[in-house]
Each structure stands twice: as structure tokens, then as C-alpha cells.
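The values are calculated or read from the model by the stated rules, or taken from the named source; none is laboratory data. For clarity, every value in this text was computed on a predicted model and none was experimentally measured. Neighbour counts are summed over all protein chains in view; Cβ atoms, including those assigned to glycine, are modelled from backbone coordinates with ideal geometry.
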Amino acid sequence: MIKNSSHQKGSAHVVIIVILVVALLGALGFVFWQNFMNKDSKEESVKQTTTQTDSPKKVTYVTYQTDTHPISFSYPSTWKLENAQGSDEYLFSRTVDVKTDDGNVVTFMVGAQGLGGTCGGRLPTYSITDVVSTSLKGAKPIVLSYMVVTNNDGTYEARYGLTDTYTTIGEGEICTLPYIFDPSIETYHLMGFSGTKKFTSFDDAKKFVSSDEYNAIKKMMLTLKY
């Protein structure tokens, strides 16, 4: 009887030890899953959510067609047109202002009889920092140009648009408006597609050429067809 009782006690101890070992392994497994496996799963979920949230917003473009000429260009649908269908006494001239999301204005004009100007005092200097070739046909090659003008009052002004006058990156002096070109079509006479933006420093004006807004403006101007 004594031997049998001792054997039962020994078996009970073994069972208890096995139960404790299993419980300990289970606890360690849970801790490992909670701290490592579940963490990786949460991080992956965050990564996927971030990727979906940060995806670039698709920009929708709409086309403007002049009511006086077979001329068109496309612009982002969130931008606004002003004077889009106005007529003057000659019934063929057209000036359209395109206002960007940031409130800057790019002007398209066609049909003007002439445009020029005079300079008083010291001529403003300019620095051309971007030139893009176009497929537009004119008396001379037409490019999209971006220049930074140093005004006489010490401020800086970015001038950008289509032109057949300034075609290479460089520096010089400027008097008349540069972004006017003659497409050699008698009815049109002169056409322009340009904008300006003022800055307090040359570096800020130069950096604007790399901005999302300018790239959208450039894309719009390059869609011009006639």
C-alpha cells in the first residue's frame, strides 16, 4: 500500500510539472505573438493605409475653345476662367485670364494689333532659368520660357510664357514684354500666353520653377493649339 501510494504521488508530481511546463510555454508563446507577430501585422496595416492615403490626386483637365478663333488650350478643372467669351469693338480680339488654385493669373490673348513699351531709367536685368521647346509653328521657333527679372525697386518678378524672342538660358537686359509671338497668320497678328509672379528674393523666384503650380501652368500652356 505504501509503495502504491508513493507511485501515485510521483505520477501526480509529473502531471503537475507537465501542466506547468505547457502553461509556461503557452504564456511565452502569447507574449512572443503579442510583442512581435502582432506588431508586424499592425505596422503592415499602417503602411497599407498610408500608401492609400498618400496616393497622388488625379488632376482633371478641361478644354477652352475661343469663340473668335480656332484656338484651344486645356487647364485644370479647379482653375477659373475670366473674360472667356468677351468681345471688343474689333470683334476678333480675345483676352482670357486663367486663375490658378493659388490665385495667380495666367493670361492668354490673341488678335492684338501690336504691343510694346518704353523703359525709363535703368533697364531691368533678367535671368532665364528654364526653356522648353514646343511644336507650335511661327515666324521663329516658339518656346516656353521662364525668367527672373530684377526690378528697379529691388523686387524680383518671375515672367513665364510662350515666346519667340528669348530662346536660350542666360542673362541680359529687358524693356518690352517678351512673351508675344507672331504665328504668321494674318488674322491673328499677335498671340500671347504668359504670367507673372512677384518675390522678395531671387532664390525664391528661381525655386518657383520647380513648384507644382508652375508645372501645372507649364503643362497648360504647352497644350495650346491653333
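For the range 118-150, how many residues are aliphatic (A, V, I, L, M), farther than 20 Å from residue 200 by Cβ and either at pLDDT below 85 or surrounded by 14 or more Cβ atoms within 10 Å (Cβ to Cβ) (or both)? Full working, then the answer.
Taking the range 118-150 and keeping what is aliphatic (A, V, I, L, M), we get 123, 128, 131-132, 136, 139, 142-144, 147-149.
Checking the rest, the ones that are also farther than 20 Å from residue 200 by Cβ come to 123, 128, 131-132, 136, 139, 142-144.
Retained after the next criterion (residues that are either at pLDDT below 85 or surrounded by 14 or more Cβ atoms within 10 Å (Cβ to Cβ) (or both)): 123, 128, 131, 136, 139, 142-144.
Within the range 118-150, residues that are aliphatic (A, V, I, L, M), farther than 20 Å from residue 200 by Cβ and either at pLDDT below 85 or surrounded by 14 or more Cβ atoms within 10 Å (Cβ to Cβ) (or both) number 8.
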All positions within the range 75-99 that are crowded, with 16+ Cβ neighbours inside 10 Å and either at pLDDT 80 or above or in a strand (DSSP E or B) (or both): 75, 76, 79, 94, 95, 96, 98
Using the structure shown, decide if residue 214 is part of a helix (DSSP H, G or I), crowded, with 20+ Cβ neighbours inside 10 Å and at pLDDT 90 or above. yes
